[in-house]
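Undergrad: Please find one structure pasted underneath; my questions will follow.
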Amino acid sequence: MTTVTTRTVEYPADGLTMIGHLALPAGAGRRPAVLIGPEGTGLNDFQRRRADALAELGYVALAFDIHGGRWFTDPQEMLARVTPLLADHDRMRDIGHAALDVLRAEPRTDPGRIAAIGYGTGGAIVLELGRAGVDLRAIGTVNALTTGRPGEAERIRCPVWAGVGSEDPIMPAAQRDAFAAEMRDAGVDWRLAVYGGALHAFHHPPVDQTVLPGVGYHPRHARRAWHDIVGLLTECVPVTE
């Protein structure tokens, strides 16, 4: 097994002290890097392990924070913070840029080979980085079919992959159509995977909390979505010695 080094990184964003999780692959040379955005509940150990898994594959990986170290167990409390955040494109970009600056500052990061992936709210944030024209090699999202301000998707400079559950009431068919139309009209190289029978947050194992209606874990599709994201990274930012 590849030796992975991890550490906590603190940085300011959104008026908070964010607490991210940085995972470094074995070796000393520069490697392609991946920014990882968490679900609306925040950054927890499951999402930190995503960074570790990518470091095992040879990537520098930063799982970024969106709530100043908090992880919400009360869905209503989470929505009270996330709903206005998702409505504020500039605020999402500021959170994403702050994390990206941390990743770029890591000496092991190859600054010309950075991708971004995200789940739910974290996926919306990395999409906003793309709409802001950030130089990324790939964007991958799950359950984050948000649309941006008119015309800004034309600034996306890399392939976009998006995954969603077919039964997700938070990202219903109309939202899928709107996202597809935005990507198509902007001339983006995009793909959309619809996982049959899956609900919202199908990729995240159950946790000890009251969940919102329409949320449910689908282990088979969770594995498939991860495989698809790794495939996107392998295609767009392959690890080379």
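The values are calculated or read from the model by the stated rules, or taken from the named source; none is laboratory data. Source: prediction; values computed, not measured. Reconstructed Cβ throughout: ideal geometry from the backbone, glycine too, with neighbour counts over all protein chains shown. For accessibility, only protein heavy atoms count, side chains too; no ligands or nucleic acids. Shrake-Rupley method; radii C 1.70, N 1.55, O 1.52, S 1.80 Å.
Undergrad: Being in a strand (DSSP E or B) and at pLDDT 95 or above is true for just one of 164, 134. Which residue is that? Let's see the steps before the verdict.
TA: Details: 134 fails: in a strand (DSSP E or B).
Result: 164 is the single residue among 164, 134 that is in a strand (DSSP E or B) and at pLDDT 95 or above.
Undergrad: Now a separate question. For residue 24, are the conditions met, namely being out of contact with any His (no Cβ under 8 Å at 6 or more places or on another chain), modelled with pLDDT of 95 or more and within 26 Å of residue 143 (Cβ to Cβ)?
TA: In short, no.
Undergrad: Still on this model: Any idea which of 40, 27, 15, 20 is open to solvent by less than 20 Å² (accessible area, probe 1.4 Å) and over 30 Å from residue 213 (Cβ atoms)?
TA: Details: 40 fails: over 30 Å from residue 213 (Cβ atoms); 27 fails: open to solvent by less than 20 Å² (accessible area, probe 1.4 Å); 15 fails: open to solvent by less than 20 Å² (accessible area, probe 1.4 Å).
Going through 40, 27, 15, 20 in turn, the sole match is 20.
Undergrad: Checking residue 205 against (1) more than 22 Å from residue 67 (Cβ to Cβ); (2) loosely packed, with under 15 Cβ neighbours inside 10 Å, which test does it fail?
TA: Checking residue 205 against (1) more than 22 Å from residue 67 (Cβ to Cβ); (2) loosely packed, with under 15 Cβ neighbours inside 10 Å, the one that fails is (1).
Undergrad: So is residue 6 of a type outside the set (Asp, Glu) and crowded, with 17+ Cβ neighbours inside 10 Å or not? Even if it seems obvious, please write down each step before you answer.
TA: On the way: of a type outside the set (Asp, Glu): yes; crowded, with 17+ Cβ neighbours inside 10 Å: no.
Answer is no for this residue.
Undergrad: Looking for something within 20 Å of residue 206 (Cβ to Cβ), in contact with a Gly (Cβ under 6 Å, 6 or more places away or on another chain) and not acidic (Asp, Glu) - is there at least one such residue anywhere in region 54-62?
TA: To start, the set of residues in region 54-62 that are within 20 Å of residue 206 (Cβ to Cβ) comprises none.
Scanning region 54-62 turns up no residue that is within 20 Å of residue 206 (Cβ to Cβ), in contact with a Gly (Cβ under 6 Å, 6 or more places away or on another chain) and not acidic (Asp, Glu).
Undergrad: Here's a follow-up. I'm trying to understand the selection: among the residues of region 88-125, which are farther than 19 Å from residue 68 by Cα and either at pLDDT below 95 or open to solvent by 10 Å² or more (accessible area, probe 1.4 Å) (or both)?
TA: The answer is 104, 105, 106, 107, 108, 110, 111, 112, 113.
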